[in-house]
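Quick notes on the structure that follows.
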Amino acid sequence: MNPFRSVGARLSLALAAIVAGALAIVWIALVPSLEQRLVNGKIAQLTQTARALEREAAVAGVDQDFIDYAAHASGARAVFLAPISGGSQTAMLVQADSQHICCSSDVRGDWIALKASAAGKLERGRVARDGTSYAEVAIPDRNGNVLLFSSSLRDTLDNDDLVKSRLLWAGLIALAASILAGYALASAFARRIRRLEGAAERIAGGDFSEPVVDTHRDELGQLAGAFDRMRLQLARLDDARRAFIANASHELRTPIFSLGGFLELMQDEDLDEATRREFLATMSEQIERLSKLATDLLDLSRLDAGRMRLDLEPVALSDLAHELREEFAAVALRLGHPLEVVVEDPGVALGDHVRIFQIGRALTDNALLHTPEGTPVRIVVRGSALAVEDDGPGIPAEEVEQVFARFTRVSGTRASGTGLGLAIARELAELMGGELVLESRPGRTVFTLELPAAVPEREPEQTPVHA
């Protein structure tokens with residue numbers, strides 16, 4: 001794998017780009033104006049000193065001693081210039097210079113001094129002489145003479161260069177540090193992702209034994225938690241699948257072996273008629289058992305494929321409840337269960353009659369088979385709801401959610417069926433726009449099929465006949 005396409009490299013490059021962008025913004029916002037700010041500060045400081053010395057010059061007069069004093073006080077070169085007779089606009093006469101340079105030719109044509117003399121007001125600015133920049137302030141008097149203060153900007157510009165250099169180096173160091181830190185953090189993040197990838201590979205391969213652990217509380221930690229919940233659910237489904245295969249194999253093998261044994265016995269010519277009829281009845285039960293298993297599997301495949309067809313029509317639940325009572329009367333008598341129908345509110349539901357009867361059969365069969373002998377069972381009609389109640393020991397709270405799971409049977413119940421009946425019943429109820437609800441506590445368990453109520457058809461209005 002290309003290292004530059006890894007998550008660590010991409011995240012570190014993204015972090016470096018963000019840091020570089022921030023540094024570029026700082027450079028653009030600060031550096032271009034920094035030099036001007038430093039120069040303006042230098043000129044402002046020199047102006048303040050010059051104005052104070054101007055007042056002293058008005059009192060003491062300007063001579064070489066005062067110029068030397070002014071230079072010392074301001075920390076700048078002080079020059080006193082006078083206009084040349086004849087009104088020259090390009091040069092002035094140097095009367096005194098704190099540097100005691102002969103003729104002071106470098107400042108005779110200073111444009112700031114000339115401008116101040118011509119305008120009769122203070123002028124200031126930046127000039128360059130012999131490759132060196134200076135901050136200057138020129139203060140004229142009423143006669144056109146000019147007191148010029150000139151301070152080198154070398155230190156100021158050196159400070160500006162130093163700031164730029166340090167900012168540049170600091171930016172490069174910060175950029176390098178961000179790349180390293182970003183790569184380190186991203187690598188740690190990538191390792192967590194690779195652990196999740198490994199866990200996904202294990203789960204995809206059918207290994208559900210190792211938990212998916214990530215103690216962090218960020219989004220990746222939440223994803224790891226979701227992976228672990230998925231692992232547990234898949235483990236339960238895998239266990240249920242294995243159990244179903246074992247149960248289905250047993251359910252298929254038992255009646256097939258039984259039928260094979262009875263067929264061998266019936267080949268005996270000395271078999272009396274009563275025994276033959278008993279064998280035929282037992283064989284019929286085994287065939288019915290195989291048929292029910294095949295029907296459940298077929299219904300399950302149709303539900304999964306979305307090909308279950310329903311004929312929705314008004315169904316009188318009270319009539320259907322009595323049909324269930326008649327079908328299970330013999331079974332209830334054989335198992336010692338009182339079975340009765342209670343119609344609290346006769347109603348008509350909208351649904352498929354065959355599928356509603358299938359659900360009622362699954363609920364009644366479940367109540368009769370999985371409760372102790374002598375437990376009363378009631379088929380109750382409440383409007384558009386059909387309920388099957390029993391007074392048995394109830395279903396443990398921790399196993400309530402498993403009742404409707406495919407291929408599962410609640411622990412402690414009689415080992416019968418494949419664990420598909422209630423799962424199919426719930427899916428059929430939802431397919432008809434209803435729901436199958438379970439309420440269970442010690443001494444009472446109620447399965448309720450709630451269906452949409454059928455809207456009664458309006459009778460056609462009769463047109464009055466006028467004689």
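The values are calculated or read from the model by the stated rules, or taken from the named source; none is laboratory data. This is a predicted model, so every value here is computed, not measured. With ligands, DNA and RNA removed, areas are computed over all heavy atoms of the protein, side chains included. Shrake-Rupley method; radii C 1.70, N 1.55, O 1.52, S 1.80 Å.
List of remarks:
- Between segment 9-36 and segment 181-227, the alpha-carbon center distance in angstrom: 34
- Cα shape, segment 313-410, gyration tensor, a/c 1.5 rule: oblate
- Sequence-distant residues sharing a close amide H with Ile395 (under 5 Å, placed H): Arg441
- For segment 230-306 and segment 101-177, distance of Cα centres in Å: 107
- Subtracting the Cα-Cα distance of Val354 and Thr215 from 0.36 nm times their residue separation leaves 44.8 nm of extension gain.
- Matching the structure-derived Cα extents along the principal axes in Å against the labelled list (i) 158, 82, 42; (ii) 67, 44, 42; (iii) 80, 50, 41 gives the label (i).
- With DNA, RNA and ligands ignored, accessible area of Thr47 (1.4 Å probe; Å², nearest 10): 10
- Rounded percent of accessible protein surface that carbon and sulfur make up, the chain, 1.4 Å probe: 55
- Note on Glu201: accessible area approximately 120 square angstrom, rounded to 10, probe 1.4 Å, nucleic acids and ligands left out.
- Anisotropy class assigned to segment 43-142 is rounded, per the alpha carbon gyration tensor with a/c under the 1.5 cut-off.
- Annotation: amide H-H contacts under 5 Å for Ser133 (H modelled 1.01 Å from N, sequence separation of 5 or more, or interchain): Leu153.
- In the full protein context, the chain carries 59 Å² of accessible surface per residue, based on a 1.4 Å probe and ignoring ligands, DNA and RNA.
- Scaling against 2.2 N^0.38 Å puts the C-alpha radius of gyration of segment 210-347 at 1.71.
- Qualifying aspartates and glutamates (Cα of each under 15 Å from Cα of Lys42; at least 8 residues distant if same chain): Glu123, Glu136, Asp155, Asp158, Asp160
- Of the DSSP H helices in the chain, those with a Cα length along their own long axis of 30 Å or more and a mean Kyte-Doolittle hydropathy reaching 0.0 comprise 7-60, 154-204, 219-266.
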